[in-house]
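Take a look at the structure set out below.
The values are calculated or read from the model by the stated rules, or taken from the named source; none is laboratory data. The structure displayed is predicted, hence computed values, not measured ones. Glycine gets a Cβ as well: all are built from the backbone with ideal geometry, and neighbour counts include every protein chain shown.
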Amino acid sequence: MPETSAPATLSRWQRIRQSDIAISFLASPVTVAAAVVALLMIIASVGAAFIAPQNPYDMGAIDIFDAMLPPAWEEGGDARFLLGTDAIGRGILSTILYGSRMSIFIGLVSVALSLLIGVSFGLIAGYRGGLIDAIIMRTAEVQLALPTILVALLINGILRAVAPPSTLDNVAILVLILSIGLSNWVQFARAVRASTMVERGQEYVLAARLIGIGQLAIMFRHILPNVLGPILVIATLNLSGAILTEATLSFLGVGVPPTRPSLGTLINDGTNFLFSGAWWITIFPGAALALLVLTVNLVGDWMRDVLNPTLE
Amino acid sequence: MIRYVSGRLAQSILVMFLVAAVAFSLFGFVGDPIRQMITEDASQAEIERLRDVMGLNDPISIQFWRYISGAVQGDFGVSYFHKRPVGTLIAERMPATVELAGLSVLLSVLIGIPLGVYTGLNRFGRVARGLMAVSLIGISIPTFLIGIMLIYLFSVILGWLPSFGRGDTVSILGGSWSTGFLTISGLKSLILPSITLALFQTTMVMRLVRAEMLDVMRTDYIKFARARGLGKRAINFRHALKNTLMPVVTVIGLQLGNVIAFAIITESVFQWPGMGRLFLQAIQQVDIPVMSAYLIMIAFFFVIINLITDLAYYAIDPRLRSNTLKGTANA
């Protein structure tokens, strides 16, 4: 029967093109543009080692005589350094590529950490209920009342107090990831808890309990796949927040060590030269950061509108 | 009434107690404070005597009690880094932060509410949509970057405004408060930091008022007011705006926490001698007494704001009181 088999002859690409999500995606040119820019920035930063015109952390490749060059199109600019150079002769374009690699890496890892903590706590709170639920959700409420950056600063301060000073540089990135990750788990936990409480009463959970499957297995093997819906949206929205928090902490000097800078560190370094008129050292990394956060935000907003309109 | 208030008070005290416990436990992480205070050639007997004098040989519970009773009286110990009492340090820095934060909250209300009303009423207008787009960009640009760009434009290029510090200050209230509002340089120094700090709040207030206005304009009583033939001005401001303000006031109250957090960043950008910078230095230097004191003060601030908000709800929303009025519960 050729009529009934006709839809099946659509190639995979065509089927993707005709799905609701793709249609709504293509109907929003701002989202398409944002997604393209965000993707390009992520690809460029992941491939920084291959794309960057120079390796800014290879002392042999940088030359102090190239220091403080303005962007290539300004008077005195050098064609080798499209966006100019900083105080020790590193090309701004290269430092931005390497810096956004650090920013995106820390952003992704800390969102993954928040997701892990939030989903686990949400599952346990929603499935077990009672005292555990009360403790987890009260903690979440208190934390939600405090601004993320303040929580991250406090956790950062506590971790710095705990870590022996001599190892501080080595663990700085870990401290940063922990402080951002621990300050962002609440949204995940709340969403997962709400849908877990619904799933808990479903028949498949009852069936699993009847055949003697353990609580942990029920939570993580049976309920988890059914409550993951809103997670992707929350993760995307949190990614821009995590990148911003990282940049802010690094700007404040409690972030990544200066030897492995992120965008926030680059901006902070550049402010020292603002008064001598070398605006490019600060403004270009700043623009890269703002563009990255804005585009990820736009994609996240669109995902929320299409996939989970009920999320706040 | 009394039961409700005392219940909320008990909760607040419990939260403060827990925060104080966390703040106190920070001291346990840095090792022996004696080692930082003595010279190399101090004898064991001298160390022991110092430990006794400082009460470090007492049980933890007594030390904790001493810390709490000190904190209640504003005594948070001596800063490891500044070598001065933390209470004095905070008292010195408080006016700078309060003036900066207060001015920016004022700015965000004075600018955000009219913009929100305008964009809410002219939803599809070109200017309103432009403002919304700008506000989205404003949310995506981090506070510190906005501060840096303002400094570059107004201090470096134009040279109109100072880029750091508070300018000249005047001591008032018997020397306990230093204000920047009474001198020209103090006022000029306030402009850039307060705009930086206000910008995020302004976009928040604007978006919130807009959303509330859109909701309210759809309600029946607005339609009825139109049907009665009331003028646009009366409908927009007497009927619509008034009803949007309740949630706005609540959010502004809760946003004070954000102002404090962003004040840390703003103070760092503009080298503003306030509490935020004190706290940031404490984190960088692992200065535990200052960190603990700041933690307790922030928690105290949040608890007070939450308490006031809850009590205000109780005063405003009669439904919260209904369970005490037996017989009229089903209103």
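Some values worked out for this structure:
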read-out	value
Count - residues of region B:216-248 that are closer than 23 Å to B:Ala312 by Cα and surrounded by 12 or more Cβ atoms within 10 Å (Cβ to Cβ)	11
Subset of region A:180-201 (residues that are over 13 Å from A:Gly126 (Cα atoms) and part of a helix (DSSP H, G or I))	A:Ile180, A:Gly181, A:Leu182, A:Val186, A:Gln187
Only listed residue being touching an Asp or Glu at 6+ places or on another chain (Cβ under 7 Å), closer than 30 Å to B:Pro273 by Cα and of a type in the set (Ser, Thr, Tyr), chosen from B:Thr179, B:Thr196	B:Thr179
Condition broken by B:Asp75, with the remaining ones in (1) crowded, with 17+ Cβ neighbours inside 10 Å; (2) at pLDDT below 85; (3) in contact with a strand residue (DSSP E or B) (Cβ under 8 Å, 6 or more places away or on another chain); (4) not β-branched (Val, Ile, Thr) satisfied	(1)
Residue in region A:272-292 that is nearest to the other protein chains (Cβ to nearest Cβ), counting only those that are closer than 20 Å to A:Ile180 by Cβ and among the hydrophobic types (A, V, I, L, M, F, W, C)	A:Ala290
Test: residue in region B:67-83 that is farther than 25 Å from B:Val286 by Cβ and in contact with a helix residue (DSSP H, G or I) (Cβ under 9 Å, 6 or more places away or on another chain)	yes
Helices (runs of 4 or more DSSP H) lying entirely in region B:209-298 (those with 1 or more residues that are under 27 Å from B:Leu14 (Cα atoms) and touching a Phe, Trp or Tyr at 6+ places or on another chain (Cβ under 8 Å))	B:242-269, B:275-285
Some residue of region A:216-227 being closer than 19 Å to B:Ser268 by Cα and in a helix (DSSP H, G or I)	no
Unique residue being under 23 Å from the mean Cα position of the chain (by Cα), at pLDDT below 80 and more than 12 Å from chain A (Cβ to nearest Cβ) when the list is B:Ser185, B:Ser171, B:Ser140, B:Ser176	B:Ser176
Residue list for region A:27-58, filter: over 24 Å from the mean Cα position of the chain (by Cα) and farther than 21 Å from A:Ile92 by Cβ	A:Ala27
Top-ranked residue in region B:242-294 [being free of Cβ contacts under 8 Å to residues at least 12 places away in the same chain and within 10 Å of chain A (Cβ to nearest Cβ); ranked as farthest from B:Met217 (Cα to Cα)]	B:Gln284
Qualifying positions in region A:258-271 - within 13 Å of chain B (Cβ to nearest Cβ) and in contact (Cβ under 8 Å) with a residue 12 or more places away in the chain	A:Ser262, A:Leu263, A:Gly264, A:Thr265, A:Leu266, A:Ile267, A:Asn268, A:Asp269, A:Gly270
Selection count, region B:45-94, where residues are within 22 Å of B:Trp177 (Cα to Cα), among the polar types (S, T, N, Q) and part of a loop (DSSP other than H, G, I, E, B)	2
Any hit, region B:101-123, residues being closer than 18 Å to B:Gln201 by Cα and either within 12 Å of another protein chain (Cβ to nearest Cβ) or touching a Pro at 6+ places or on another chain (Cβ under 6 Å) (or both)	no
Residue among B:Leu190, B:Leu161 that alone is part of a loop (DSSP other than H, G, I, E, B) and touching a residue at least 12 places away in the same chain (Cβ under 8 Å)	B:Leu161
Residue under evaluation B:Ser189, criteria (1) touching a helix residue (DSSP H, G or I) at 6+ places or on another chain (Cβ under 9 Å); (2) small (Gly, Ala, Ser); (3) under 26 Å from B:Val109 (Cα atoms), criterion not met	(1)
Pair list, Cβ under 8 Å, 6 or more apart: region B:142-154 residue more than 20 Å from A:Ile149 (Cβ to Cβ), other residue buried (at least 23 other Cβ atoms within 10 Å of the Cβ) and not polar (S, T, N, Q)	B:Ile151/B:Leu192; B:Ile151/B:Val269; B:Ile151/B:Phe270; B:Phe154/B:Leu192
Among the residues listed as A:Asn238, A:Asn297, A:Asn272, the single one being polar (S, T, N, Q), surrounded by 24 or more Cβ atoms within 10 Å (Cβ to Cβ) and over 16 Å from A:Met102 (Cβ atoms)	A:Asn238
Residue among A:Ser166, A:Ser103, A:Ser94, A:Ser120 that is part of a helix (DSSP H, G or I), at pLDDT below 85 and either over 23 Å from A:Leu292 (Cβ atoms) or within 14 Å of another protein chain (Cβ to nearest Cβ) (or both)	A:Ser166
